[in-house]
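The values are calculated or read from the model by the stated rules, or taken from the named source; none is laboratory data. Because the structure is predicted, anything quoted here is derived from the model rather than measured. Here the Cβ positions follow ideal geometry from the backbone for every residue, glycine too, while neighbour counts run over all protein chains shown. For the accessible areas, the whole protein counts, side chains as well, though only heavy atoms, and no ligand, DNA or RNA atoms are used. Shrake-Rupley method; radii C 1.70, N 1.55, O 1.52, S 1.80 Å.
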Amino acid sequence: MTSAFDPVRLAAGTTLSNRIALAPMTRSRAGEGGVATPLVAEYYTQRASAGLIISEGVQPSVVGQGYPFTPGLHSAEQVAAWREVTDSVHAAGGRIFAQLMHSGRIGHPSLLPDGLVPVAPSAVRPAGQLFTGEGMKDFTTPHELTGDEVRATIADYAEAARNAIEAGFDGVELHGANGYLIHQFLAPGSNLRTDEWGGPAENRIRFAVEVVKAVAAAIGAERTALRISPGNPYNDISEPDAQPVYEALVKEIDGLGLAYLHVLEYGPEVRETTLALRKQFSGLLVLNPATEGPTDHRALALVEDGTADLVAFGALFLANPDLPDRLRTEGPYNTPDPSTFFGGDARGYTDYPTR
């Protein structure tokens with residue numbers, strides 16, 4: 001029987017020491033200009049015992065930023081700063097993928113320079129507010145991308161992926177979940193287009209497919225992955241009858257030889273969809289599972305029963321830098337402090353104790 005503590009080989013030939021992943025989590029601690037800092041390097045290096053580290057969301061372009069103090073991969077300074085992070089993680093024996101996250105309509109003009117505004121597949125303002133450097137603000141109506149701008153955005157992803165490899169990352173995960181740009185194209189509630197990028201499911205999946213193919217062409221499919229969250233209503237996403245859409249998406253990208261497919265479950269009711277996609281996808285499946293209560297050592301059974309090849313842990317890994325060791329002994333676990341999740345200094349970031 002396969003155990004979560006057994007090694008596993010990615011398509012690129014990279015062997016992961018175990019099947020426990022650090023889930024991508026926005027921490028909003030980048031420096032001026034969206035650069036990773038020495039504190040960021042310390043944070044990830046502390047968690048290098050993960051089989052795979054998936055970084056926080058990293059914007060592939062200036063207009064892709066949706067939150068304060070998030071890092072980018074679109075400037076030489078950002079690439080150089082990330083190299084310090086990846087070198088440190090590798091020296092500690094870890095493996096790290098960069099998650100490219102274009103936030104799309106989830107953002108605010110006050111976070112963007114030069115009069116830029118958030119962009120999206122359609123000019124549909126999401127309900128709700130977000131935190132900015134000027135406090136909480138309502139979301140605004142985004143600019144609807146033109147056909148040429150859609151193509152340019154795809155090219156931005158590919159260029160950021162090349163930057164990620166230059167910065168020393170082992171690969172790139174494309175964030176197609178949680179209501180951000182790729183998800184906005186997939187969901188009929190945020191994609192009202194009538195051109196080749198909208199309408200029926202085969203058109204709504206096109207942006208995700210083209211981004212995956214562009215990044216795979218830029219850095220190799222074996223270093224490219226995609227994260228999805230079928231039916232997830234987060235960030236005002238409306239996505240009824242999601243399973244057929246994601247089955248169509250996975251059918252299009254299966255066979256490319258991707259590093260993995262990462263599924264985020266927003267609730268236990270989507271396990272049926274996870275299992276369907278598991279059967280359809282021929283590569284490795286990383287699962288960020290929905291669980292009753294905290295996701296802890298009990299989730300490792302999902303590797304043992306074949307539901308997933310790797311299990312991703314979020315808040316528990318945030319609070320326990322040595323989580324694989326603690327999972328092996330079934331605890332004890334440090335308790336995460338939500339007041340320090342976003343922004344700030346070392347408190348609640350790099351000061352959680354190991355055993």
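Structure notes:
- Among residues of segment 166-177, those that are more than 11 Å from ARG83 (Cβ to Cβ) and in contact with a helix residue (DSSP H, G or I) (Cβ under 9 Å, 6 or more places away or on another chain), counted: 7
- Scanning segment 90-123 for residues that are crowded, with 24+ Cβ neighbours inside 10 Å, among the aliphatic types (A, V, I, L, M) and more than 22 Å from ARG204 (Cα to Cα) turns up ILE96, ALA98.
- Some residue of segment 145-166 being assigned to a loop (DSSP other than H, G, I, E, B), touching a Lys or Arg at 6+ places or on another chain (Cβ under 6 Å) and open to solvent by 10 Å² or more (accessible area, probe 1.4 Å): no
- Of the residues making up segment 63-81, those that are touching a strand residue (DSSP E or B) at 6+ places or on another chain (Cβ under 6 Å) and farther than 19 Å from LEU174 by Cα are GLU77, ALA81.
- Taking (1) closer than 22 Å to ASN178 by Cβ; (2) touching a residue at least 12 places away in the same chain (Cβ under 8 Å) in turn, MET136 satisfies each apart from (2).
- Qualifying strands (runs of 3 or more DSSP E) (wholly inside segment 194-312; at least 1 residues being closer than 27 Å to THR329 by Cα): 260-264, 285-288
- Taking segment 325-351 as the range and being in contact with a helix residue (DSSP H, G or I) (Cβ under 9 Å, 6 or more places away or on another chain), open to solvent by less than 50 Å² (accessible area, probe 1.4 Å) and either farther than 17 Å from GLU56 by Cβ or touching a residue at least 60 places away in the same chain (Cβ under 8 Å) (or both) as the test, the residues that pass are ARG326, LEU327, GLY331, ASN334, PHE341, ALA346, TYR349, THR350.
- PHE342 in a loop (DSSP other than H, G, I, E, B), modelled with pLDDT of 95 or more, in contact with a strand residue (DSSP E or B) (Cβ under 9 Å, 6 or more places away or on another chain) and not aliphatic (A, V, I, L, M): yes
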